[in-house]
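Undergrad: This is the structure, below, for whatever I ask next.
The values are calculated or read from the model by the stated rules, or taken from the named source; none is laboratory data. Here the structure is a predicted model, which means the values were calculated and not measured. Quick note on the areas: whole protein, heavy atoms, side chains included, nothing else; ligands and nucleic acids left out. Shrake-Rupley method; radii C 1.70, N 1.55, O 1.52, S 1.80 Å.
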Amino acid sequence: MNKIDYLIALVITVICFSLRLYKLDNPIADHHSFRQADTAAVARNFVQDGFNPLFPQSDSYTALSEHQTPNPNRYFINEFPLYNSLVALVYKAKGINSNYARLVSDVFASIGVFFLYLLAKKLFSTKVATLAALFYAVLPYNVYYGRVVMPEPAFICFSIVSFYLLLLFVEKPSFIRGLVFSLIFATAMLVKPYSIFLFIPFIYWVLVSHGLASFTKPMFYLAPVLSIIPLLLWRYHISLYPEASFASKWLLNQGDIRFSGAFFRWLIFDRLNRLIFTSGGFVLLFFGVTRAVQSKKGWLILFWLISVLAYFTVFAMGNVTHDYYQLPIMPVGAILVSLGFFYLIDQGQNVFQKLTLGSLASSLILISLAFGWYEVRGFFNVNDWNMIEAGKRVDQITPPDAKVIAPYQTNPAFLYQTNRHGWTMGYDIEKKIAEGATYYVSTSYDDEAHRLEKDYTLVEKNDRYLIIKLVEKIK
């Protein structure tokens, strides 16, 4: 590639980074705050309680496992905490502030778009790569999830870089290239094990590029083994601490959702069509599939798409429940939208037809961006400022070692705002007091709060929240 290509990639990377600065100073209380709060808490606790990536800790004593196994150490051992560790390093240098965590996500998203350009350029052309990377950079759904305090931006970034490194490795299967590819792909699977589905296009590309000779090259055996060993070791480590992991069986097919009408409605109509590609991009994506079937390189992109669809299918309920689970479709979807854009224009037989089809294709892109912003703009809103205010007040007036009950329908975002360890649910208050709970804070004056106000010491109360000290009952 020449200097122009790198310049284009750099300009799009700057655009990507700049857009994700929007509302960077949001507290951890916007869309999917429940997942962001746990991620942010692990990073903060690495700084406050000691750095040990083998035993990350959240703020909550609330049981995680499906069997409600007690978790007195607050362990939070799910995906390998690489993202949290990097955020903790920034916190060490700059101070604990969730803005820095969002910046780390922004950096990963920007690295991802840079390599997406390189990948699409290597497979297709400068124009396809430019539109694919630009669409990826500015699509509203992707903008929002490129600045969340979650491991997803790192996961998508490492996935894209792995794909690009695979192209280099297959092109020249040297030991060094294979080792670098294995390292990055292993990292992608550690950050999110869903990356394992990328073996589908990877195996296709090795076989189609080298044929039967693939079976005679040792590095084509060694690279996947090296890639997957760290994930297997980490999964074994997780199995030793069942209390520290989310209940996950429900992600597969709870309620027999897979291949039901609701499954297709949620994933195809609601998520891909309405939320992510928002009609215009969804149409171009199908044109992109039509273009991709016409070449070997296009089929590589289709196998990438197949791997994402396989992931959707295996983790059916997870994808129906959470809209961020569809993030793996973004890089391959952006390439297909770009291929579809130019395929539509190429159907014109003369200049007038090409201009007409170009206008139509451009309109579909604009529709995708406009409708996308309409659908996603609410994601950036803080959902409960009372919770933010109450959390800050608890942090101001309670001892650093206070253990706080902050009921918020199991969402840890409220507890995170208090900067204390504790519980994300009420109920069984006396049992929690026996386990060390010293304060109760609530933004809802419900029956539980009313009873506790009578039985224990009221510290502060207004129309937004109340704080109760649980040390000793009022006689």
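Undergrad: Using the Karplus equation 6.51 cos²θ - 1.76 cosθ + 1.60 (θ = phi - 60°), what ³J(HN,Hα) coupling, rounded to whole Hz, does each residue of region 326-335 give in order, writing x for Gly and Pro?
TA: Whole-Hz 3J(HN,Hα) from phi for region 326-335: 8, 4, x, 7, 4, x, 5, x, 5, 5.
Undergrad: Enter the angle in degrees (range 0 to 90, nearest 10) between the Cα long axis of helix 152-171 and the first principal axis of the Cα atoms of the chain, meaning the one along which they spread out most.
TA: Orientation of helix 152-171: about 30 degrees from the principal axis.
Undergrad: Among DSSP beta bridges lying fully in region 386-475, give the percent that are antiparallel, nearest 5.
TA: Bridges in region 386-475 that DSSP calls antiparallel: roughly 60 percent.
Undergrad: Give the aspartates and glutamates whose C-alpha is closer than 14 Å to that of LYS92, dropping any in the same chain fewer than 8 places away, or say none.
TA: Excluding near neighbours in sequence, the set is ASP49.
Undergrad: To continue, here is another question. Stick to the Cα atoms of region 392-450, pair each with every other, and give me the Kirkwood hydrodynamic radius in Å at one decimal.
TA: 11.4
Undergrad: Please compute the length gained on full extension between ASP49 and HIS450, using 0.36 nm multiplied by the number of residues separating them and subtracting their Cα-Cα distance.
TA: Computed gain between ASP49 and HIS450 is 141.0 nm.
Undergrad: Where the eigenvalues come from the Cα gyration tensor of the chain, what are the semi-axes √(5λ) of the equivalent ellipsoid, largest first, in whole Å?
TA: After diagonalising the Cα gyration tensor, the semi-axes are 44, 25, 20 Å.
Undergrad: To check you understand DSSP bridge types, tell me what percent of the beta bridges within the chain (both residues inside) are antiparallel, rounded to 5.
TA: Of all bridge pairs located within the chain, approximately 60 percent are antiparallel.
Undergrad: Using the Karplus curve 6.51 cos²θ - 1.76 cosθ + 1.60 with θ = phi - 60°, work out ³J(HN,Hα) for each residue of region 265-277 in order, rounded to whole Hz, and write x for Gly and Pro.
TA: My calculation for region 265-277 gives 5, 5, 6, 7, 6, 7, 7, 5, 7, 7, 8, 8, 8 Hz in order.
Undergrad: If you don't mind, there's one more thing I want to ask. Stretch ALA434-ASN73 to full length: gain in nm at 0.36 nm per residue minus the Cα-Cα span?
TA: 128.4 nm
Undergrad: Across region 204-210, in residue order, what do the Karplus-derived ³J(HN,Hα) couplings come to in whole Hz, using 6.51 cos²θ - 1.76 cosθ + 1.60 with θ = phi - 60° and x for Gly and Pro?
TA: For region 204-210, the Karplus curve yields 4, 5, 5, 5, 6, 7, 10 Hz.
Undergrad: Helix 175-191 against the longest principal axis of the chain: what's the angle in degrees, Cα atoms only, rounded to the nearest 10?
TA: 40
Undergrad: ILE306 to ASN99: extension gain in nm, 0.36 nm per residue of separation minus the Cα-Cα distance?
TA: 70.9 nm
Undergrad: Working from Cα positions, state the angle (0 to 90°, nearest 10) between the long axis of helix 351-376 and the longest principal axis of the chain.
TA: Approximately 10 degrees, to the nearest ten.
Undergrad: Of the accessible area of region 331-475, with the probe set at 1.4 angstrom, what percent is carbon plus sulfur?
TA: That share works out to 54 percent.
Undergrad: Something else now. Tell me, what is the 1.4 Å probe accessible area of SER85, in Å² to the nearest 10?
TA: 10
Undergrad: Relative contact order of the chain: what whole-number percent is it, with Cα pairs under 8 angstrom and at least 6 residues apart?
TA: Normalised by residue count, the contact order of the chain is 18 percent.
Undergrad: Follow-up. Please calculate the 1.4 Å probe accessible area of ILE4, with all protein chains present, and give it to the nearest 10 Å².
TA: 100
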